[in-house]
Amino acid sequence: MHRRAVIGTVGAAVLSAALGAAEAPSLDPAALLGGEATVLDASPRAYLQPIAALDAEQRKRFKTGHELFDTRWVIFWFEQGEWGAGPTFNARGCGDCHVRNGRGAPIAGGADAHPMVVRLSLPGTNEYGGPEPDPNYGDQLQTQGVERVVPEEGSVDVRWIESTAAFADGETVALRRPEVSFRNLNFGPFGDGLLISPRTPPALVGSGLIDAVPDSVILALAERAPVDGIRGRPNMVWDYAQKRAGIGRFGHKATHSTLRQQIAAAFSADIGVSSDYFPQQNCPGPQGACRDLMPAGKPELGQVRWAAVETHLKSTAVPARRDVKDPNVKRGEQVFSEARCAVCHVPELKTAEVPGYASLSNQTIRPYTDLLLHDLGEGLADRRPDFVASGSEWRTTPLWGIGLTQTVNGVATYLHDGRARTLAEAIFWHGGEATVSREAFRTMAKEDRAALLRFLESL
């Protein structure tokens, strides 16, 4: 047995519903994706459970942070909700996009791409080495404003371009990719050479453990000898706390170095809530009415609320793997390795000491990521650099919890823009360094690819 319980207080309550009371749950180390920060929950709330060993104050902050995460942020003090949204924004709360801490899924298409957001930039870099924002619209198009006071920046339309791909045995897979267009731009044209990147929100499961992986582990992975042309590199990004470059680990292109910074950036870009890291609202260039409505005084995301949201995300457990001993799952894990998938989706990492959080400290975790950038080819390229990440490089997405996507979200989509509706579809979009893995998947026997998908569904 492990020296601390792996079943959280809430997780124990849902254990019989999640895994079945007739059979004792396995404590096979392979099932403990988050080490001691694992919870036995396969329900729609699987991404919401607290880790074990939180003290009373941490549990209080966890609950407060959860409430803030799901609360509605408002523009005016007299509205019902947390004050501080806007004046322009994409959502009224974190939970609008990260439903139950899960992935955001784009709509089928049409006039409103929420919760898809569109990142914007021009060629060149800003003062921190990141993307150069558009002079009229900033670095993300804000699709909501204050009715009759501050207009939204514009609207996003999405059209899905359909295609098919085929396995070597002739079975086909439907593919799609988004084609984004804009209308009702209220502040003039975009700048010359506009670069865009449609994004959907990633799952937040295991954020505290990702934050606890030391830089030395990520750098060691980057220094490995290439395998079949696969070699990742860290994204060097601006760390607002240290006021220097740091190793990115959060975001689709690993553009934020800490969980705290990722939270502040999301509040700023998506909800229009300012913080010490991002003290200004999204009111660039000609947006005078937006600036006129900006509040004076302290940042809207104060230290107490910021710490509460951070505690919630840091302290959320990772759901355990299921069916670890199933022969098909075990075969799929072997095929996953043989296809070189595990070169980027590294099965095991180690965390460092996290003061005050025993369940996060010195853990062997199984996130299936190296947290590095890899060139995934033209098919997935957004052609928009982000710090040192090129337009075709993406951070290796952690796979823990991926098999519960449909259960948690009610819909399953994958990849940075939500284009893939199945795991097979997601694999087919892999190119560049991942071509060897895609081709292995495309040409393997039907029973082997079914086993590989079964393995992914067990995570």
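The values are calculated or read from the model by the stated rules, or taken from the named source; none is laboratory data. Note that the structure is a prediction, hence the values are computed from the model and not measured. Please note: Cβ atoms are built from the backbone with ideal geometry, for glycine as well, and neighbour counts cover all protein chains shown.
Assorted remarks:
- Residues that are over 27 Å from the mean Cα position of the chain (by Cα), of a type in the set (A, V, I, L, M, F, W, C) and crowded, with 17+ Cβ neighbours inside 10 Å within segment 134-178 comprise Val146, Val150, Phe167, listed in sequence order.
- Cβ-Cβ contacts under 7 Å between residues 6 or more apart (or on different chains), taken from a first residue in segment 295-324 that is over 14 Å from Gly272 (Cα atoms) to a second residue that is surrounded by fewer than 21 Cβ atoms within 10 Å (Cβ to Cβ) and acidic (Asp, Glu), are listed as Val324/Asp28.
- Restricting the first member to segment 366-389 and to residues that are within 24 Å of Asp239 (Cβ to Cβ), and the second to residues that are among the aromatic types (Phe, Trp, Tyr) and in a loop (DSSP other than H, G, I, E, B), the beta-carbon pairs closer than 9 Å and six or more apart or on different chains are Pro367/Trp400; Thr369/Trp400; Phe387/Tyr128.
- Filtered residues of segment 145-168 (kept if out of contact with any Pro (no Cβ under 8 Å at 6 or more places or on another chain), touching a residue at least 24 places away in the same chain (Cβ under 8 Å) and assigned to a loop (DSSP other than H, G, I, E, B)): Pro151, Glu152, Glu153, Gly154, Phe167, Ala168
- Hey, Val146 modelled with pLDDT under 95, of a type in the set (Val, Ile, Thr) and either under 30 Å from Gln242 (Cβ atoms) or in contact with a strand residue (DSSP E or B) (Cβ under 8 Å, 6 or more places away or on another chain) (or both) or not: no
- For segment 230-251, the condition of being in a loop (DSSP other than H, G, I, E, B), over 18 Å from Gly138 (Cβ atoms) and among the acidic types (Asp, Glu) holds for none of the residues.
- Checking each residue in segment 198-218 for being over 19 Å from Ala46 (Cβ atoms), aliphatic (A, V, I, L, M) and assigned to a loop (DSSP other than H, G, I, E, B) picks out only Val213.
- Unique match (being among the small types (Gly, Ala, Ser), over 18 Å from the mean Cα position of the chain (by Cα) and surrounded by 22 or more Cβ atoms within 10 Å (Cβ to Cβ)) among Ala451, Ala389: Ala451
- Residue check, Ala24 modelled with pLDDT under 50 and either out of contact with any Ser or Thr (no Cβ under 6 Å at 6 or more places or on another chain) or surrounded by 15 or more Cβ atoms within 10 Å (Cβ to Cβ) (or both): yes
- Residue check for Gly432: closer than 24 Å to Val118 by Cβ, over 17 Å from the mean Cα position of the chain (by Cα) and in contact (Cβ under 8 Å) with a residue 24 or more places away in the chain: yes
- Of the numbered criteria (1) surrounded by fewer than 22 Cβ atoms within 10 Å (Cβ to Cβ); (2) within 28 Å of Ala30 (Cα to Cα); (3) over 25 Å from the mean Cα position of the chain (by Cα); (4) in contact (Cβ under 8 Å) with a residue 24 or more places away in the chain, the one Val335 fails is (1).
- When restricted to residues that are under 25 Å from Arg366 (Cα atoms) and assigned to a loop (DSSP other than H, G, I, E, B), segment 376-413 contains 11.
- Pick from segment 331-361, criterion assigned to a loop (DSSP other than H, G, I, E, B) and among the hydrophobic types (A, V, I, L, M, F, W, C), ranking: farthest from Arg231 (Cα to Cα): Ala358
- Selection from segment 278-293 of residues that are crowded, with 20+ Cβ neighbours inside 10 Å and either part of a helix (DSSP H, G or I) or of a type in the set (Ser, Thr, Tyr) (or both): Cys290
- Restricting Arg321, Arg366, Arg395 to those that are more than 22 Å from Ala30 (Cα to Cα), surrounded by 20 or more Cβ atoms within 10 Å (Cβ to Cβ) and touching a Lys or Arg at 6+ places or on another chain (Cβ under 9 Å) reduces the list to Arg395.
- Test result for Ile230, in contact with a Leu (Cβ under 9 Å, 6 or more places away or on another chain) and touching a residue at least 40 places away in the same chain (Cβ under 8 Å): no
Matching residues to (1) under 30 Å from Pro295 (Cα atoms); (2) crowded, with 22+ Cβ neighbours inside 10 Å:
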| residue | (1), (2) |
| --- | --- |
| Asp215 | no, no |
| Gly229 | no, no |
| Tyr240 | yes, no |
| Phe250 | yes, yes |
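- Among the residues making up segment 398-414, a single one is on the phi > 0 side of the Ramachandran plot and surrounded by fewer than 20 Cβ atoms within 10 Å (Cβ to Cβ): Gly410.
- Residue within segment 7-14 that is at pLDDT 95 or above, more than 22 Å from Asp211 (Cβ to Cβ) and not basic (Lys, Arg) present: no
- One residue from Asp326, Asp370 being more than 30 Å from Gly432 (Cα to Cα) and at pLDDT 95 or above: Asp326
- Residue check for Ala424: buried (at least 20 other Cβ atoms within 10 Å of the Cβ), closer than 30 Å to Thr125 by Cβ, of a type in the set (Gly, Ala, Ser) and out of contact with any Ser or Thr (no Cβ under 7 Å at 6 or more places or on another chain): no
- Of all residues making up segment 27-68, the number that are modelled with pLDDT of 95 or more, in a helix (DSSP H, G or I) and either hydroxyl-bearing (Ser, Thr, Tyr) or under 30 Å from Gly332 (Cβ atoms) (or both): 5
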